[in-house]
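**Q** This is the structure, below, for whatever I ask next.
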Ligand code: 5GP
């Protein structure tokens, strides 16, 4: 069993990670993001689309902070690196609700290169979404390759691999309460 409490480092598979963002910092920021969504979208009956797998914990905490009339669904996206430098993204678990004329809030764990969202946003626009907003727990500005505006961003982080709070390294680390960075 992995003991996270008071631990400086944690070894996951073959790599060592160090504490980076504490559960308390996450909790505070998630509450702020929730309040901002209520303020902006309180009367818009937004549709949250949670991008699995990594966003499950963030989405769970965030949406609890948004006590408004809203709907929630889930998608799973897969990107394929073809011959071209940009990958193509498709929904492997399609959402089961029409986005036409809706205010959509896409909930992501992390925007890294931005490739996944770049393609998915185009897809949602082509399906007639009226307004698309993005909520992401993390963003690595140095890695970003597309012009993407994150409306509700938790934290900007260094361009280093992180795990915890839903994010994994080969399926481990998702249950950590804080975010850990590769040492
Ligand atoms: P992007 O398309 O923006 O490059 O990255 C999309 C996905 O890559 C994220 O939703 C996430 O699943 C994964 N990813 C990117 N950076 C990290 C990271 O530092 N740690 C983990 N665990 N996943 C990451």
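The values are calculated or read from the model by the stated rules, or taken from the named source; none is laboratory data. Please read all numbers here as calculations on a predicted model, not as lab measurements. Here the Cβ positions follow ideal geometry from the backbone for every residue, glycine too, while neighbour counts run over all protein chains shown.
**Q** So which strands (runs of 3 or more DSSP E) are wholly in the range 88-183 and hold at least 3 residues that are modelled with pLDDT of 95 or more?
**A** Strands (runs of 3 or more DSSP E) meeting the threshold: 103-111, 131-139, 152-156, 179-182.
**Q** Under the condition of being under 23 Å from residue 47 (Cα atoms) and out of contact with any strand residue (DSSP E or B) (no Cβ under 9 Å at 6 or more places or on another chain), which residue from the range 124-146 is farthest from the ligand (Cβ to nearest atom)?
**A** Restricting to residues being under 23 Å from residue 47 (Cα atoms) and out of contact with any strand residue (DSSP E or B) (no Cβ under 9 Å at 6 or more places or on another chain), the top hit is 128.
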